[in-house]
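Trainee: The structure that follows is given in the form of structure tokens.
The values are calculated or read from the model by the stated rules, or taken from the named source; none is laboratory data. None of the values given here were measured: they were computed from a predicted structure. Heads up, the Cβs are rebuilt from the backbone with ideal geometry, glycines too, and the neighbour counts pull from every protein chain shown.
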Amino acid sequence: MPPKREYDDARAVGTPAVSADDDQMTTFSLHSFGDSDDDNHGFSIQIIENMREEYGMFVWPCSVVLAEYVWQQRSRFSGTSVIELGAGTSLPGLVAAKVGADVTLTDESKRVEVGGLILFVLENIRSVCDLNKLSCKVMGLTWGIWDAQIFDLHPQILLGADVLYDTSAFDDLFSTVAFLLQSNPGSVFITTYHNRSGHHLIEFLMVKWGLKCIKLLDAFSFMPSGKASGLGGNIQLAEIVLVG
Ligand SMILES: C[S@@+](CC[C@H](N)C(=O)[O-])C[C@H]1O[C@@H](n2cnc3c(N)ncnc32)[C@H](O)[C@@H]1O
């Protein structure tokens, strides 16, 4: 398990929780996109979070940034096949589904014991889809593991919010990304990450796996001021494709 983060610093804050269950530490956060006064375009997504659980049960700030980018680029997403890796609470993928993409939400499937974390993450993803009346596919996908079902995935756009946080997992992540990009020529991996010391490793692994960055944005360059003020850290968005 990667090192635990300082939640107070790193967690994203949506609209304040609308309810909480003391026993389960379960909260609901609301995330709005577009002009809420314009019924034809704006919408909100409700997310179930759990304060006691690990990484996959929070809406991390990178997820808020990537979801906003999907919303701003919605015409590009409509009608496309999208896979979100390490989806956790799945906000970017849910926004993609809302604007008309065919979405598969994935998270780690390695540990599936009853009552264990990972099963819970996948179940939470299904609950969040139901809550928002969105019919996304949900499947276990562990980076660097080649289960039969990964060969059936043909994404045009891959999403990954805050999946570059544990350097020991970078190589597995990039191997999966490279495989999925190869399976669909012209596809792209769009990821948001905290700009930390792993930057050189990211560059090294992109070369190793035949990938290149075609777009690099600072989150603050496109986030609406209302959302940007709630973000800590230095978050970047990268669009990555196969070389050649
Ligand atoms: C920091 S959380 C980010 C969750 C969500 N994308 C967000 O930004 O709110 C990292 C996510 O990656 C998943 N993950 C970690 N290692 C993984 C692996 N080896 N294979 C697949 N998913 C993994 C975790 O379960 C978790 O959901």
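Trainee: Which of the residues belonging to the range 142-166 are polar (S, T, N, Q) and either at pLDDT 95 or above or away from the ligand (no atom under 12 Å from the Cβ) (or both)? Can you show your working first?
Mentor: Initial filter on the range 142-166 (polar (S, T, N, Q)): 142, 149, 156.
Scanning the range 142-166 gives 149, 156.
Trainee: From the list 216, 237, which residue is in a strand (DSSP E or B) and exposed (fewer than 14 other Cβ atoms within 10 Å of the Cβ)? Let's see the steps before the verdict.
Mentor: Values: 237 fails: exposed (fewer than 14 other Cβ atoms within 10 Å of the Cβ).
Selected residue: 216, the only one of 216, 237 that is in a strand (DSSP E or B) and exposed (fewer than 14 other Cβ atoms within 10 Å of the Cβ).
Trainee: Given (1) more than 27 Å from residue 240 (Cα to Cα); (2) exposed (fewer than 13 other Cβ atoms within 10 Å of the Cβ); (3) of a type in the set (A, V, I, L, M), identify the lone condition not met by residue 148.
Mentor: Status for residue 148: all satisfied but (1).
Trainee: Could you grab me the full set of residues in the range 177-194 that are out of contact with any His (no Cβ under 9 Å at 6 or more places or on another chain), more than 21 Å from residue 91 (Cα to Cα) and not in a loop (DSSP other than H, G, I, E, B)?
Mentor: Answer for the range 177-194, where residues must be out of contact with any His (no Cβ under 9 Å at 6 or more places or on another chain), more than 21 Å from residue 91 (Cα to Cα) and not in a loop (DSSP other than H, G, I, E, B): 178, 179, 181, 182.
Trainee: Counting only residues that are farther than 14 Å from residue 84 by Cα, at pLDDT 95 or above and of a type in the set (D, E, K, R), how many does the range 102-131 have?
Mentor: Selection size over the range 102-131: 1.
Trainee: Kindly indicate the residue of the range 180-228 that is farther than 26 Å from residue 141 by Cβ and within 16 Å of the ligand (Cβ to nearest atom) and also modelled with the lowest pLDDT among those meeting that condition.
Mentor: Filtering the range 180-228 for residues that are farther than 26 Å from residue 141 by Cβ and within 16 Å of the ligand (Cβ to nearest atom), the one modelled with the lowest pLDDT comes out as 227.
Trainee: With (1) of a type in the set (Gly, Ala, Ser); (2) at pLDDT below 95; (3) within 13 Å of the ligand (Cβ to nearest atom) as the list, and residue 63 as the residue in question, which single condition is left unmet?
Mentor: If we test residue 63 against (1) of a type in the set (Gly, Ala, Ser); (2) at pLDDT below 95; (3) within 13 Å of the ligand (Cβ to nearest atom), just (2) comes out false.
Trainee: Taking only the range 164-176 into account, find how many residues are surrounded by fewer than 17 Cβ atoms within 10 Å (Cβ to Cβ) and in a loop (DSSP other than H, G, I, E, B).
Mentor: 1
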